[in-house]
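Below you'll find the structure, written out as structure tokens, and then a few comments.
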């Protein structure tokens, strides 16, 4: 059985998730946003408490609020670090992103591999399928856990909202197409875990999301 643990980190109130298998203790860190020692300690304490083996660190996309903890996670646990290839320029310009908000950031590590939508990876006995969902960023992906019926939607789809399209490389038409063709085609009872805010379900967003009822 998979466990989903959410942390809310940094000044952007970004959701960092730990997805772990109770039987094997294998774990994936999704969008590590821990930005200071206290937040790093909170995440580390949870990993230690449950004796987790951090197998992957995955960025749905590479905006600053989602990569603040990437260096820490890589140096602490040395997982396989995966990002969307088209978001590499964002990762490489993390310092520029940070400066735009009056922040500073240690240089994130280089990814170990790029995410491919033709590939699935596993945590314990559970498979993760990558969905190609650009629009908020050029390369953003969502992570669909098919057996467990939940999806990590990054900054693509939120509870009654959608991702911003006024940032570098964003495109409104691409975002809406991604949502319509990749996410709203999932079963209605699929639970979504977004990059900010609270969880929801695909069926609820179909019926109640004001940005999709046009």
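Every read-out reported here was derived from the displayed coordinates using simple, explicitly stated rules and does not represent laboratory data. Given the structure is predicted, the values throughout are model-derived calculations rather than measurements. Every residue, glycine among them, receives a Cβ derived from its backbone with ideal geometry; neighbour counts consider all protein chains shown.
Here are the numbers for this structure:
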{"item": "Qualifying residue in region 95-106 (condition: touching a helix residue (DSSP H, G or I) at 6+ places or on another chain (Cβ under 9 Å), closer than 15 Å to residue 15 by Cβ, crowded, with 19+ Cβ neighbours inside 10 Å and in contact (Cβ under 8 Å) with a residue 24 or more places away in the chain)", "result": "no"}
{"item": "Lone unmet requirement of (1) in contact (Cβ under 8 Å) with a residue 60 or more places away in the chain; (2) more than 20 Å from residue 154 (Cβ to Cβ); (3) crowded, with 18+ Cβ neighbours inside 10 Å for residue 23", "result": "(3)"}
{"item": "Complete set of residues in region 195-210 that are part of a helix (DSSP H, G or I) and crowded, with 19+ Cβ neighbours inside 10 Å", "result": "202, 205"}
{"item": "Residue count, region 9-54 (criterion: farther than 19 Å from residue 142 by Cα and not in a loop (DSSP other than H, G, I, E, B))", "result": "18"}
{"item": "Sole residue being out of contact with any strand residue (DSSP E or B) (no Cβ under 9 Å at 6 or more places or on another chain) and touching a residue at least 24 places away in the same chain (Cβ under 8 Å), chosen from 194, 187", "result": "187"}
{"item": "Test for residue 135: is it on the phi > 0 side of the Ramachandran plot and touching a helix residue (DSSP H, G or I) at 6+ places or on another chain (Cβ under 7 Å)", "result": "yes"}
{"item": "Given (1) within 23 Å of residue 196 (Cβ to Cβ); (2) outside any strand (DSSP E or B), number of the condition residue 4 does not satisfy", "result": "(2)"}
